[in-house]
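To start, the structure under review is shown below, and the notes come after it.
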Amino acid sequence: MSTATASDASGLQARELTRDYPTRAEPLRILRGVNLSLARGNALAVTGPSGSGKSTLLHVFGALDRPTAGEVLINGRNPFALPEPELAAFRNREIGFVFQEHYLLPQCSVLENVLVPTLVAPDADAGVAERARMLLDRVGLARRLDHRPAELSGGERQRVAIARALINRPTLLLCDEPTGNLDRVTARAVADVILEMARAENATLIVVTHSAELAARLPKRMELVEGKLEEGNG
């Protein structure tokens with residue numbers, strides 16, 4: 001796979017990614033030469049057994065964890081080549097995260113939680129509060145703007161997390177077991193929102209999940225097997 005440049009690539013490219021963790025004996029290799037090319041606006045489900053490295057992979061894709069070797073390009077840029085302050089700004093601007101836990105601030109309202117990522121964005125525009133309200137309306141929470149997380153259901157909290165992940169118009173949306181704590185009916189509704197919002201925002205979507213039902217809803221599926229991504233069905 002050739003290395004892309006900023007002028008000819010959009011989406012996510014990964015080339016021969018490895019990730020080792022030190023142990024008392026020898027390094028523990030979690031990722032073993034992962035390759036992936038996913039164009040802007042495409043969607044991928046990553047499955048695999050517990051402990052296979054799915055979350056590690058997502059953290060590397062999201063520039064939260066540096067690879068031991070290999071290269072990650074997001075819209076043709078290697079985030080790990082940036083100085084730390086620029087890396088943090090790049091991650092805040094280009095990447096949205098939705099985790100199994102919603103990680104909402106309990107003391108803040110729904111609207112304030114969605115606005116949190118904009119507080120560290122120096123170029124946040126004056127219309128960011130209006131965008132937050134628009135996103136919350138699109139995820140079905142227009143009447144919950146002033147509620148605190150404790151006043152919401154589990155599914156509603158995840159909807160807030162989705163809106164928060166999209167507030168800065170990221171080009172890459174990463175979801176780590178986003179329905180893992182939800183009952184089946186609520187999980188389906190949250191999955192509907194994730195897929196609909198990713199399409200509407202033209203974001204590249206990667207969902208790590210144990211749910212075969214959720215994985216089947218994404219157009220591309222891959223499995224992490226012995227540290228490498230292998231093509232799934234579909």
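The values are calculated or read from the model by the stated rules, or taken from the named source; none is laboratory data. None of the values given here were measured: they were computed from a predicted structure. With ideal geometry, Cβ positions are generated from the backbone for all residues, glycine too; neighbour counts draw on all protein chains shown.
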E112 vs. criteria of a type outside the set (G, A, S) and either in contact (Cβ under 8 Å) with a residue 60 or more places away in the chain or closer than 29 Å to E213 by Cα (or both) = no
Condition set under 22 Å from the mean Cα position of the chain (by Cα) and farther than 23 Å from V190 by Cα, scope the stretch 99-121, selection modelled with the highest pLDDT: answer is T118
Just wondering, is there one or more residues in the stretch 65-81 that are touching a strand residue (DSSP E or B) at 6+ places or on another chain (Cβ under 8 Å) and closer than 28 Å to T186 by Cα?
-> no
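Kindly establish whether R91 is in contact (Cβ under 8 Å) with a residue 60 or more places away in the chain and not acidic (D, E).
The answer is no for R91.
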Hey, any hits in the stretch 149-160 for a residue that's under 23 Å from A43 (Cα atoms) and of a type in the set (A, V, I, L, M)?
-> yes
Could you list, in sequence order, the residues of the stretch 184-234 that are acidic (D, E) and surrounded by fewer than 17 Cβ atoms within 10 Å (Cβ to Cβ)?
-> D192, E196, E213, E226, E230, E231
Can you tell me which of L195, L135, L174 is within 18 Å of the chain's Cα centre (by Cα), within 25 Å of P67 (Cα to Cα) and modelled with pLDDT of 95 or more?
-> L174
Subset of the stretch 187-204 [farther than 22 Å from G154 by Cα and in contact (Cβ under 8 Å) with a residue 60 or more places away in the chain] | R199, A200, N202, A203, T204
Elements of type strands (runs of 3 or more DSSP E) in the stretch 1-105, at least 1 residues being exposed (fewer than 15 other Cβ atoms within 10 Å of the Cβ) = 12-21, 28-38, 69-74
Could you list, in sequence order, the residues of the stretch 165-186 that are touching a residue at least 60 places away in the same chain (Cβ under 8 Å) and within 14 Å of E101 (Cα to Cα)?
-> A165, L174, C175, D176, E177, P178, G180, N181
Kindly list the number of the only condition in (1) free of Cβ contacts under 8 Å to residues at least 60 places away in the same chain; (2) buried (at least 16 other Cβ atoms within 10 Å of the Cβ) that fails for D137.
-> (2)
